[in-house]
Amino acid sequence: MKKFTIDGQTGRLDKIVSELDPSVSRSRAKNLIDDGHILVNGQTVKPKYKVSHADEITVEEVKPKPISLEPENIPLDIVYEDDDVIVVNKPQGMVVHPSPGHPDHTLVNALLYHSPLSTINGEFRPGIVHRIDKDTSGLLMVAKNDDAHKFLSQQLKAQKSLRKYVALVHGRINEDSGVVNAPIGRSPKDRKKQAVVADGRSAVTHFEVLERFDDYTLVSCRLETGRTHQIRVHMKYIGHPIVGDPLYGPRKTIKGHGQFLHAQELGFEHPKTHELMVFSAPIPPIFEKTLNNLRLNNALGS
C-alpha cells in the first residue's frame, strides 16, 4: 500500500497519481481507480475526481495478471487460409498479442485455438508477422510455420508487401495525393507516443484522397515502411490527425470505438506457391455509418 497527501497539486486524480508515482501510467491509474484500488480519504471516487489540498490518497499495489498463452475459443473472421498462412480480419478493439496490460483475449489466443502457428517470433507473438493497433481494424497475415514466417518477414523488410489502409482524418486535404517522408521514433515528450524526430527511423506513407466532407477527408494510405503508429503519426504531422484517435487526435472529434483507421488491403507473394495474393476487407459498420452521416450532412448543406 502506498500513501500520498495532496500538497499543492491540482487536477484529475488519475493524472495526479501518475505524477506522484511514475511507475503507474495514467491509463493504469484510471483502471486502478475504476476497480477500487485507489481511494481518496478512504472512499472510492471517479478517475476525473479533482484532488483537493490535504486529500489522502491510498494506492493498493496490485500484481499484474500473469500473461497466459492459453488457446481461447474466440470467433475469427478468416479471409483466407491454407497450410502456410492465415489472412484474418481483426475487429477494432482486439489486441494482437498478449502483453502485461493485455494478458489474454487477444488475437493470438484465438489463433492458437484455431491452428498451429510459427514459433520464431518470441514466446508471446507466435505467428505474428506484423501488427496493427488495438483500435485499428483490418487485415493481418499470420504464419502457420517458421518457413512461411521467414519468407513473409523478408517481404516486409524488402518493402514488397502491399498494405493499404483507409482513414478518416480531420480537415479538408486540398491535394489529391501526396507522400509523407518523415522519420519516426519515440516521442521525447511522452514515452507512450511516437513522433516525427530527426534521429528516428525512415518512414514513408503515400496517401490519396478518396472523398472530401466539410471538415473531414477520407483518405487511402499505403505504407512503404511499417513503423509503430506510422499512419497516425504522419497524418498528425501534416495537420490532419485521424478522427477518433485517442493518442494523437484532438479531444473534439467524432466518437466511435477508437480511431477511424482500417487495414483494407493486404497483398503478398505466397511463401510456397509464389503466387501474388491480394485481399480486401470492408470497413466496419460504425465506420460506414459515420461516412454515411457525413455524406448526408454534405448533401443537406449544399
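The values are calculated or read from the model by the stated rules, or taken from the named source; none is laboratory data. The shown structure was predicted, so the numbers you read here are calculated from the model rather than taken from an experiment. So basically every Cβ, Gly included, is an ideal-geometry build from the backbone, and we count neighbours across all protein chains shown.
Annotations
- Residue selected from region 110-130 under the condition under 19 Å from residue 277 (Cα atoms) and part of a loop (DSSP other than H, G, I, E, B), by the criterion nearest to the chain's Cα centre (by Cα): 130
- Criterion violated by residue 156 - all others in (1) surrounded by 14 or more Cβ atoms within 10 Å (Cβ to Cβ); (2) of a type outside the set (S, T, N, Q); (3) in a loop (DSSP other than H, G, I, E, B) satisfied: (3)
Okay, residues lined up against (1) among the aliphatic types (A, V, I, L, M); (2) surrounded by 13 or more Cβ atoms within 10 Å (Cβ to Cβ); (3) touching a Leu at 6+ places or on another chain (Cβ under 6 Å):
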residue: 4; (1), (2), (3): no, yes, yes
residue: 13; (1), (2), (3): yes, yes, no
residue: 17; (1), (2), (3): yes, yes, no
residue: 21; (1), (2), (3): no, yes, no
residue: 28; (1), (2), (3): no, yes, no
residue: 34; (1), (2), (3): no, yes, no
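- Top-ranked residue of region 256-302 - restricted to ones that are within 16 Å of residue 163 (Cβ to Cβ) and charged (D, E, K, R), ranked as farthest from the chain's Cα centre (by Cα): 269
- Test for residue 12: is it on the phi < 0 side of the Ramachandran plot and either at pLDDT 90 or above or aliphatic (A, V, I, L, M) (or both): yes
- Residues in region 75-90 that are surrounded by 16 or more Cβ atoms within 10 Å (Cβ to Cβ) and part of a loop (DSSP other than H, G, I, E, B): 76, 84.
- Which numbered condition residue 150 fails, given (1) over 18 Å from the mean Cα position of the chain (by Cα); (2) surrounded by fewer than 17 Cβ atoms within 10 Å (Cβ to Cβ); (3) at pLDDT 90 or above; (4) assigned to a loop (DSSP other than H, G, I, E, B): (4)
- In summary, strands (runs of 3 or more DSSP E) completely within region 166-214 and bearing 1 or more residues that are modelled with pLDDT of 95 or more and farther than 26 Å from residue 254 by Cβ occur at 177-181, 204-212.
- Residue in region 273-290 that is of a type in the set (D, E, K, R), surrounded by fewer than 18 Cβ atoms within 10 Å (Cβ to Cβ) and not in a helix (DSSP H, G or I) present: yes
- Residue pairs meeting the criteria (Cβ under 8 Å; at least 6 apart or on separate chains; first assigned by TED's automatic domain parsing to the domain that holds residue 227, in region 184-211; second surrounded by fewer than 11 Cβ atoms within 10 Å (Cβ to Cβ) and at pLDDT below 95): 185/199; 195/188; 195/189; 197/188
- Complete set of residues in region 159-174 that are within 20 Å of the chain's Cα centre (by Cα) and surrounded by fewer than 19 Cβ atoms within 10 Å (Cβ to Cβ): 162
- Every residue from region 99-127 that is surrounded by 22 or more Cβ atoms within 10 Å (Cβ to Cβ) and modelled with pLDDT under 90: 127
- Test: residue in region 49-66 that is in contact (Cβ under 8 Å) with a residue 40 or more places away in the chain, within 18 Å of residue 190 (Cβ to Cβ) and not assigned by TED's automatic domain parsing to the domain that holds residue 97: no
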